[in-house]
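First up is the structure itself, then whatever we jot down about it.
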Amino acid sequence: MASSLAVLAVLTVRDRFNDLDMWWHLRTGQVIWTTHKIPTTDLFSYTTNHHAWVPHEWLSQVMIYGAYRADGYTGLMVWFCVFAAALLVAGYALCCLYSGNAKIGFLGAILLWFFSTIGLAVRPQVVGYLLLILELLLVHLGHTRNPRWFYGLPFLFLVWVNCHASFMFGLIVLGVYVFCSFYDFQAGSLVADSWSQVQRRTLTLASILSVVVIFLNPVGVSQVLYPLNTMLRQHLVVSQIDEWKPLLLSDPRGFAVLGILAFIGIYVIVQRPAKLFLDEVILLAMGTWLALSHERMVFVFGILAAPVLSRLLSVSWDGYDAETDRPAPNAVFILIALFAMFLAFPNKKNLAEQVEKGNPAKAVDYIKTHHLSGNMINTFNEGGYLIWALPEHPVFIDGRADVYEWTGVMAEFGRWATLQSDPNGLLDKYDVSFCLLDHDSPMAHVLPLLPNWKEVYSDKSSVIFVRSTPTSPSTYTE
């Protein structure tokens with residue numbers, strides 16, 4: 001079952017190699033790898049004036065670049081497949097242990113896979129969500145087997161705080177478990193079982209240590225507070241970027257969220273004495289609120305809902321019996337799974353085609369061969385690729401939306417790109433020499449109408465405009 005989940009992971013991600021944010025993560029990892037320094041200011045844009053930047057994913061970025069350095073695009077895809085498979089297999093282990101039924105646990109892992117498809121990409125968030133599953137595993141093992149498992153939590157958070165900002169949610173999850181460990185009651189189907197004194201004391205100590213170690217990061221308090229800054233101060237990020245927008249109920253995942261919640265509610269009413277634990281209800285409520293508020297957070301809902309659903313359904317299918325194991329057929333199946341993963345793994349040509357299809361690669365070639373110079377305006381989605389493929393030209397904007405919102409560049413660019421401001425205002429303020437835009441963007445239809453601008457390149461996805469009359473020594477040469 002675990003090997004079949006690994007096959008599913010490879011089949012899922014084989015066509016997801018090119019992600020808009022992958023490129024600036026890759027470039028940041030390269031900077032850290034080659035300079036042995038973690039940047040705390042913006043290095044890639046000319047519009048932010050080296051504004052302070054929080055490197056909250058630096059360790060994941062180093063791992064991503066390390067994979068690329070090992071074998072280029074193929075190394076990156078191996079990294080992607082390994083982490084995607086580890087996420088599903090770890091989720092399967094969690095559902096198995098939590099439900100006590102290996103067969104139902106597999107269904108829980110499939111549920112996790114369904115919700116994970118919203119965010120599987122070569123990005124640090126995959127590492128963060130894997131660590132969330134490992135946290136739930138450690139808490140479960142500490143509660144049901146030996147409290148010493150809790151001491152693994154501080155080490156996990158030491159890694160987590162330097163990999164992804166989701167560590168803050170992990171701390172909230174710990175707080176929920178500590179809070180619920182004090183209660184002992186039953187109200188209908190809602191149950192709280194008080195933990196033993198040793199369990200409670202050990203978990204509390206491990207939680208305190210986990211809070212302490214998150215300050216062991218390159219920028220200290222700023223990195224610890226970064227997740228709160230995202231939710232409370234980055235209003236444009238959470239309102240304008242698609243993955244931060246609310247989950248639509250017309251989306252299959254939105255329908256599935258409501259369906260799972262309805263099923264759980266009906267099941268505990270009809271199948272008495274089925275019960276829900278207090279910590280499960282609180283975590284499900286948190287996961288539901290996050291998923292409905294932000295589309296990308298449906299991934300978190302899947303991680304929290306899968307073990308609960310597995311536990312409720314554990315009695316509906318006979319459990320695993322080790323005495324009926326057949327090692328030889330198992331080994332054959334695992335070998336078949338390994339062969340299937342080998343066949344499904346994309347070759348170098350396929351990876352290169354994915355990159356070229358999803359990015360302005362030909363437009364970048366034009367810029368290089370025609371020696372365009374001076375300041376450039378680019379679209380938000382293309383900025384990450386330009387950071388990697390065109391490092392000699394600092395970008396105007398890219399997927400690091402936080403630093404652009406802090407500096408006001410994001411709001412400024414948004415008004416310009418949607419024709420809510422004088423097009424010449426931004427072009428003149430930043431002394432722009434050429435623009436690389438999406439072929440169908442509103443501004444691509446406006447620039448040809450402006451004096452001193454002409455189209456010099458166009459393909460199915462991109463178009464390049466240059467000033468026809470130089471305004472300063474920094475303008476283009478062709």
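The values are calculated or read from the model by the stated rules, or taken from the named source; none is laboratory data. All figures in this text were calculated on a predicted structure; none of them were measured in a lab. Methodologically, a virtual Cβ is constructed for each residue, glycine included, from the backbone with ideal geometry; neighbour enumeration extends over all protein chains shown.
Report yes if some residue within segment 10-24 is within 17 Å of Gly383 (Cβ to Cβ), of a type outside the set (D, E, K, R), over 21 Å from the mean Cα position of the chain (by Cα) and not in a helix (DSSP H, G or I); otherwise report no.
no
Among what's in segment 448-460 and is touching a helix residue (DSSP H, G or I) at 6+ places or on another chain (Cβ under 8 Å) and outside any strand (DSSP E or B), pick the residue that is nearest to Gly358 (Cα to Cα).
Asp459
For the subset of segment 181-219 comprising residues that are part of a helix (DSSP H, G or I) and of a type in the set (Gly, Ala, Ser), which member is surrounded by the most Cβ atoms within 10 Å (Cβ to Cβ)?
Across segment 181-219, the extreme among qualifying residues is Ala206.
Kindly indicate the residue of segment 101-126 that is more than 19 Å from His294 (Cβ to Cβ) and under 22 Å from the mean Cα position of the chain (by Cα) and also surrounded by the fewest Cβ atoms within 10 Å (Cβ to Cβ) among those meeting that condition.
Ile110
Restricting to segment 293-340, and then to whatever is part of a loop (DSSP other than H, G, I, E, B) and of a type outside the set (Asp, Glu), can you tell me which residue is modelled with the highest pLDDT? Walk me through how you get there before you give the answer.
Here is the first cut: in segment 293-340, the residues part of a loop (DSSP other than H, G, I, E, B) are 294, 317-321, 325-326.
Checking which are of a type outside the set (Asp, Glu) leaves us with 294, 317, 319-320, 326.
Values: His294: 91, Trp317: 77, Gly319: 71, Tyr320: 72, Arg326: 88.
Filtering segment 293-340 for residues that are part of a loop (DSSP other than H, G, I, E, B) and of a type outside the set (Asp, Glu), the one modelled with the highest pLDDT comes out as His294.
Within segment 350-359, is even one residue assigned to a helix (DSSP H, G or I), acidic (Asp, Glu) and either touching a residue at least 40 places away in the same chain (Cβ under 8 Å) or surrounded by fewer than 19 Cβ atoms within 10 Å (Cβ to Cβ) (or both)? So that I can check it myself, show each step before the final result.
The first filter runs over segment 350-359 and keeps only residues assigned to a helix (DSSP H, G or I), leaving 350-358.
When the remaining residues are screened for being acidic (Asp, Glu), the result is 353, 356.
From what's left, either touching a residue at least 40 places away in the same chain (Cβ under 8 Å) or surrounded by fewer than 19 Cβ atoms within 10 Å (Cβ to Cβ) (or both): 353, 356.
Within segment 350-359, one or more residues are assigned to a helix (DSSP H, G or I), acidic (Asp, Glu) and either touching a residue at least 40 places away in the same chain (Cβ under 8 Å) or surrounded by fewer than 19 Cβ atoms within 10 Å (Cβ to Cβ) (or both).
Of the conditions (1) part of a helix (DSSP H, G or I); (2) free of Cβ contacts under 8 Å to residues at least 60 places away in the same chain; (3) in contact with a helix residue (DSSP H, G or I) (Cβ under 9 Å, 6 or more places away or on another chain); (4) not small (Gly, Ala, Ser), Val237 fails just one. Which one is it?
So the condition that Val237 fails would be (2).
Of all residues in segment 366-390, which are closer than 22 Å to Gln61 by Cβ, modelled with pLDDT under 95 and surrounded by fewer than 22 Cβ atoms within 10 Å (Cβ to Cβ)?
Once the filter is applied, which keeps residues that are closer than 22 Å to Gln61 by Cβ, modelled with pLDDT under 95 and surrounded by fewer than 22 Cβ atoms within 10 Å (Cβ to Cβ), segment 366-390 yields Phe380, Asn381.
Does Phe333 meet the test of being in contact (Cβ under 8 Å) with a residue 12 or more places away in the chain, out of contact with any Lys or Arg (no Cβ under 6 Å at 6 or more places or on another chain) and of a type outside the set (S, T, N, Q)?
So Phe333 passes the test.
Output the number of the condition that Val409 fails; it satisfies all remaining conditions of (1) under 13 Å from Leu236 (Cβ atoms); (2) touching a strand residue (DSSP E or B) at 6+ places or on another chain (Cβ under 7 Å); (3) not hydroxyl-bearing (Ser, Thr, Tyr).
It fails just one condition, (2).
Restricting to segment 3-20, name every residue that is modelled with pLDDT under 95 and farther than 14 Å from Leu351 by Cα.
The answer is Leu20, and nothing else.
Kindly establish whether Ala84 is in a helix (DSSP H, G or I) and touching a residue at least 60 places away in the same chain (Cβ under 8 Å).
Spelling it out, Ala84 is indeed in a helix (DSSP H, G or I) and touching a residue at least 60 places away in the same chain (Cβ under 8 Å).
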